[in-house]
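Beneath this line is the structure, given in structure tokens, with notes to follow.
The values are calculated or read from the model by the stated rules, or taken from the named source; none is laboratory data. Keep in mind it's a predicted model, so treat the numbers as computed, not measured. Note that each Cβ is placed from the backbone with ideal geometry, even for glycine, and that neighbours are counted across all protein chains shown.
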Amino acid sequence: MRRVSIAEIMRESGLSRATVDRVLNGRGRVHPRTRAVVEETLRRLAASATRQDEVRAGVDIVMRLGKGMTAQLAQGWELAGAPGDFHDMYQAREDDMLPVLEEVCARVDRPIIVASKNTERIAALLRDARAKGKRVVSFVSDLDIEARDVFVGIDNRAAGQTAAFLIGRALGDRPTLVGVALGDVAFRCHEDREIGFRTALRAHFPKLVIAGEALGEDSPAMTHEAVRRLIQDQPALGAIYNVGAGNQGLVEALKEAGRAADLFLVGHEVNSTIAPLLREGSLDFAITQNPFALLSEALRQAVAEPEAPARDSILLDFAVYTRFNIPNFGQPGAAG
């Protein structure tokens, strides 16, 4: 088993360098649960890394995600040193993605990790590749079950329910209008979050009524315009749940409308774009997972032994962050 660096343990566990160093070198007092997390992470990384080195054909990754998370994953990919190619498809249209996926899928001996909209043309292409023997790992946002071997991500319905709980408890037991900012429901993660949010509000906070939606893709400009119209049409909004639209554009629209201080806002992800919004108080809560842990697990699933027991989904933990507990992986350059 190879030597594991402190930076790798930090990425996987979400703990600080100082905490990991204390555990590994026996410096100072550390809570037993924290020690157990570090030791388990160390064992898992050391035991699993050699398999990645054995895959001569390499692994391709095709990401159609937001700019901030894509940057985090690109850092993690470079540090991992995995053989293969990283395809950044930020804001790419389906017609632009298909030629890239077709080229990647032509090599059936090379696994692919893919995050994309769940459209029929993309799903059909991946289904055909799987039928020829290619291993497909859907990542962050799930695909049709026949289009992939395994999904690596979080329970997005539970994430939407968590957003409903945060907003419901913050607004209290009184009639209030709530807005939803959507990226695109062709992303399964966005669809599942919205379903979880709506069902949880209906079940636990019936006095909160969803009064409108803003559709912004992951474009700050589109989100800005959509949220501006939403606030104009529904001036009594008390909160917005950002399922997956551009956070920067959303916040700018709130500031221009004079609503940044009094409108409760819950979003997703913590990265170099979103961390400043948390610090300044423009974003109240961010629901997210450790992106580097997700990437590491996706790589493990991509190169899994053929005889390994099949699992339909690998769901990792997510957490809720505020200005007071911004995680290490959300800091600039954290992957390094």
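Within region 175-192, being in a helix (DSSP H, G or I) and among the acidic types (D, E) holds for E191, D192. Evaluation of D142 against the conditions (1) of a type in the set (D, E, K, R); (2) in contact with a Gly (Cβ under 7 Å, 6 or more places away or on another chain); (3) not assigned by TED's automatic domain parsing to the domain that holds A298 shows that the sole unmet condition is (3).
Looking for something at pLDDT 95 or above, crowded, with 24+ Cβ neighbours inside 10 Å and either farther than 23 Å from N328 by Cβ or of a type in the set (A, V, I, L, M, F, W, C) (or both) - is there at least one such residue anywhere in region 272-282? Checking region 272-282: not a single residue is at pLDDT 95 or above, crowded, with 24+ Cβ neighbours inside 10 Å and either farther than 23 Å from N328 by Cβ or of a type in the set (A, V, I, L, M, F, W, C) (or both). Just one of the listed residues (L283, L263, L277) is touching a helix residue (DSSP H, G or I) at 6+ places or on another chain (Cβ under 8 Å), of a type outside the set (V, I, T) and closer than 30 Å to I6 by Cα, namely L277. Among the candidates G212, G244, the residue that is in contact with a strand residue (DSSP E or B) (Cβ under 9 Å, 6 or more places away or on another chain), at pLDDT below 95 and part of a loop (DSSP other than H, G, I, E, B) is uniquely G244.
Within region 226-244, the set of residues being among the aliphatic types (A, V, I, L, M) and more than 29 Å from the chain's Cα centre (by Cα) comprises A236 only. When region 117-128 is limited to residues that are closer than 13 Å to R93 by Cα and free of Cβ contacts under 8 Å to residues at least 60 places away in the same chain, the one that is nearest to the chain's Cα centre (by Cα) turns out to be I122. Which of the following residues is modelled with pLDDT of 85 or more, under 30 Å from L126 (Cβ atoms) and of a type outside the set (G, A, S): D53, D60, D21? Selected residue: D60, the only one of D53, D60, D21 that is modelled with pLDDT of 85 or more, under 30 Å from L126 (Cβ atoms) and of a type outside the set (G, A, S).
Hey, can you tell me all the residues within region 120-152 that are among the hydroxyl-bearing types (S, T, Y) and out of contact with any helix residue (DSSP H, G or I) (no Cβ under 6 Å at 6 or more places or on another chain)? Hit for region 120-152 is S138, nothing else. Taking the criterion of being small (G, A, S), out of contact with any Gly (no Cβ under 9 Å at 6 or more places or on another chain) and surrounded by 22 or more Cβ atoms within 10 Å (Cβ to Cβ), the only residue of region 253-271 that qualifies is A253.
Residue pairs whose Cβ atoms lie under 8 Å apart, sitting 6 or more positions apart in sequence or on different chains, and linking a residue in region 187-213 that is in contact (Cβ under 8 Å) with a residue 60 or more places away in the chain and in the same structural domain as E269 (by TED's automatic domain parsing) to a partner that is assigned to a helix (DSSP H, G or I) and among the polar types (S, T, N, Q), are R188/N156; R193/N156.
Is it the case that D109 is acidic (D, E), surrounded by fewer than 22 Cβ atoms within 10 Å (Cβ to Cβ) and not assigned by TED's automatic domain parsing to the domain that holds L254? In short, yes. Test A239 against the criterion of being aliphatic (A, V, I, L, M) and surrounded by fewer than 19 Cβ atoms within 10 Å (Cβ to Cβ), and give yes or no. In short, no.
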